[in-house]
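Step one of this worksheet: look at the structure below.
The values are calculated or read from the model by the stated rules, or taken from the named source; none is laboratory data. In this text the structure is predicted, and so the values were computed from the model without any measurement. Cβ placement follows ideal geometry from the backbone for every residue including glycine, while neighbour counts extend to all protein chains displayed. Accessible surface is based on the protein model in full, side chains and every heavy atom, while ligands, DNA and RNA are left aside. Shrake-Rupley method; radii C 1.70, N 1.55, O 1.52, S 1.80 Å.
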Amino acid sequence: MMMRKLLYISILGFLVACGKDNTPPAPEGALLVFPEENSECTTGSNVNETLSQVTFRWDASKNTDSYTLSVVNLKTNVPQNISTATTSASLSIAKGTPFAWSVTSRNSKSDQVATSETWLFYNAGAQTTYAPFPAQLVSPASGSTVQKDIANEVLLEWSGADVDNDIDTFEVFFSDVNPPTTLLGTTNAATMELSASVQSSTVYYWKVITTDLEGNTSDSGVFEFKVF
């Protein structure tokens, strides 16, 4: 009888062990290091008159065996991607140009990925003053469907930054045609939201033009959303 109980306990323990979740841990997002957020990168190695090679660095993230660096030219919205098993990678990128960069962490044993924050920077060029970074449209997200509030309005939100820290105004263009040409309103550097009157079952388009004290401007590009 004792032997039978011991055998039963052994089998039960085996079944419990086999039933445990053996899913590999998902990777965590990496912490970005360099180029710093909203900065001017002056350390690039000269490649030619239009390009310099910049080395991007980030901290190692847990449960990760490879990284994909993504660097987006904010003038053209064209990305450059490179994969590496280390915590740095170098790319040749345009001088005097704003960029956004981020890192995606991967684990070969997991289908899940994790993406870092996105940082903006200017790759140094010949200029001594820089246009503002293109405003990053936050809400409503492009392609989303949203509900209007009790006043039949939707709140538009964005973020803005400038290497020279001299943003003067944000001009918000909003309409039901693309591209939007109707000026909804102008805000100062400290205000990055504006309410827009909307109607149900309508698709709207919006963008933000940022202007600094030197008169330099940047265009966020157009986002669209539908009101139900």
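Order these peptides, 131-139, 82-90, 54-62, by their mean beta-carbon neighbour count within 10 angstrom, highest first.
So the peptides 131-139, 82-90, 54-62, ranked by packing, come out 131-139, 54-62, 82-90.
On a 0 to 90 degree scale, rounded to 10, what angle separates helix 2-19 from the longest Cα axis of the chain?
Helix 2-19 sits roughly 20 degrees off the main axis of the chain.
So how strong a dipole does the chain carry about its Cα centre when Lys and Arg Cβ are +1 and Asp and Glu Cβ are -1, to the nearest 20 debye?
Using Cβ point charges on Lys, Arg, Asp and Glu, the chain gives about 1580 debye.
With a 1.4 Å probe and all protein chains left in place, how much of the accessible area of the range 105-208 comes from carbon and sulfur atoms, in whole percent?
For the range 105-208, the apolar C and S fraction of the accessible surface comes to 45 percent.
Based on the Kirkwood radius over alpha-carbon pairs, what is the Stokes-Einstein translational diffusion coefficient of the range 98-228 at 4 °C with 1.567 mPa s viscosity, in µm²/s?
Estimated diffusion coefficient is 80 µm²/s.
Let me check something: with ligands and nucleic acids excluded, how do 105, 220 order by accessible area (1.4 Å probe), largest to smallest?
Final ranking, largest accessible area leading: 220, 105.
Go ahead and set up a Gaussian network model of the chain, Cα springs under 10 Å, then flag whichever of 207, 148, 75 fluctuates most.
Judging by the Gaussian network model, the answer is 148.
Just read off the accessible area of residue 36 with the full protein assembly in place, 1.4 Å probe, to the nearest 10 Å².
Near enough 110 Å² of accessible area.
Enter the accessible area of residue 47 (Å², nearest 10), with the probe set to 1.4 Å and all protein chains included.
Roughly 70 Å² of residue 47 is accessible to a 1.4 Å probe.
Taking only the C-alpha atoms, wrap a convex hull around the chain and report its volume per residue in Å³ as a whole number.
186
Would you count, across the chain, every pair of lysines whose alpha carbons are under 26 angstrom apart, provided the pair is eight or more residues apart or spans two chains?
Lysine pair count for the chain: 10.
Taking the Cα atoms of the range 160-214, what is the range of coordinates along each of the three principal axes, in descending order and whole Å?
For the range 160-214, the Cα extents along the three principal axes come out at 41, 19, 14 Å.
Per residue, how much accessible area does the chain show when a 1.4 Å probe rolls over the protein heavy atoms, in square angstrom?
56
Quick one: Cα convex hull volume of the range 27-95, Å³ per residue?
93
Give the shape of the range 100-159 as rounded, prolate or oblate, defined through the alpha-carbon gyration tensor: a ≥ b ≥ c are the square roots of its eigenvalues, a/c under 1.5 means rounded, and otherwise the shape is prolate if a/b is larger than b/c and oblate if not.
Note, shape of the range 100-159 comes out oblate.
Placing +1 at every Lys and Arg Cβ and -1 at every Asp and Glu Cβ, with all other atoms neutral, what dipole size does the range 44-123 have around its Cα centre, in debye to the nearest 20?
Once rounded to the nearest 20, the dipole reads 20 debye.
How large is Rg/Rh for the range 52-163, to two decimals, with Cα atoms and a Kirkwood Rh?
With Rh from the inverse mean 1/r over Cα pairs, Rg/Rh is 1.06.
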